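Undergrad: Below is one structure. I have some questions about it.
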Amino acid sequence: MENVFEVLMVVCFGISWPLNIRKLLQSRTAKGTSVLFYFFIWIGYIFGLISKGIKAAHGGVTPAYVWFFYILNTVMVSFGILLYFRNRKLDQARGQNGKG
């Protein structure tokens, strides 16, 4: 049962990432975006994946859907980080500093 609640938590966090990615794609600016925030979220997902790996190595079972959502969120946050650097470069090309 705890896996269900964990997935619900990760899904709730993950709902915001496609919206955020869309905003970053459309705005084409890094202003108002914190790359440090992205890195902390990203490393949090990595730590979550590591904990699942340690659990599996010790005979614990983590359903595939839990892994799926952790990986999906990690990929979306990674894409957000890439978009941040793309948008920062676009800001620099426009003569802006890219910091909000």
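Undergrad: Provide a single number: the residues in the stretch 47-70 that are surrounded by 13 or more Cβ atoms within 10 Å (Cβ to Cβ) and either within 17 Å of Pro18 (Cβ to Cβ) or β-branched (Val, Ile, Thr) (or both).
TA: The qualifying residues number 4.
Undergrad: Against the conditions (1) part of a helix (DSSP H, G or I); (2) surrounded by 13 or more Cβ atoms within 10 Å (Cβ to Cβ); (3) more than 12 Å from the chain's Cα centre (by Cα), where does Ala30 fall short? Just the number, please.
TA: (1)
Undergrad: Continuing with the same structure: Which one of these does Arg86 not meet: (1) at pLDDT 95 or above; (2) touching a helix residue (DSSP H, G or I) at 6+ places or on another chain (Cβ under 7 Å); (3) of a type in the set (D, E, K, R)?
TA: Arg86 satisfies all of (1) at pLDDT 95 or above; (2) touching a helix residue (DSSP H, G or I) at 6+ places or on another chain (Cβ under 7 Å); (3) of a type in the set (D, E, K, R) except (2).
Undergrad: Within the stretch 48-70, which residues are assigned to a helix (DSSP H, G or I) and out of contact with any helix residue (DSSP H, G or I) (no Cβ under 7 Å at 6 or more places or on another chain)?
TA: Matches in the stretch 48-70: Ile50, Ser51, Gly53, Ile54, Lys55, Ala56, Ala57, Ala64, Phe68.
Undergrad: Under 8 Å between Cβ atoms, which residue pairs at least 6 apart in sequence (or on different chains) link something in the stretch 49-65 that is under 14 Å from Val10 (Cα atoms) with a partner that is hydroxyl-bearing (Ser, Thr, Tyr) and assigned to a loop (DSSP other than H, G, I, E, B)?
TA: Lys52/Thr62
Residue-by-condition table, conditions (1) assigned to a helix (DSSP H, G or I); (2) within 11 Å of Asn73 (Cβ to Cβ); (3) modelled with pLDDT under 95:
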{"site": "Leu8", "(1), (2), (3)": "yes, no, yes"}
{"site": "Phe13", "(1), (2), (3)": "yes, yes, yes"}
{"site": "Ser16", "(1), (2), (3)": "yes, yes, yes"}
{"site": "Leu19", "(1), (2), (3)": "yes, no, yes"}
{"site": "Leu25", "(1), (2), (3)": "yes, no, no"}
{"site": "Trp42", "(1), (2), (3)": "yes, yes, no"}
{"site": "Ile46", "(1), (2), (3)": "yes, yes, no"}
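The values are calculated or read from the model by the stated rules, or taken from the named source; none is laboratory data. Being a predicted model, the structure only gives us computed values, none of them experimental. All Cβ positions, glycine included, derive from the backbone under ideal geometry; neighbour counts span all protein chains shown.
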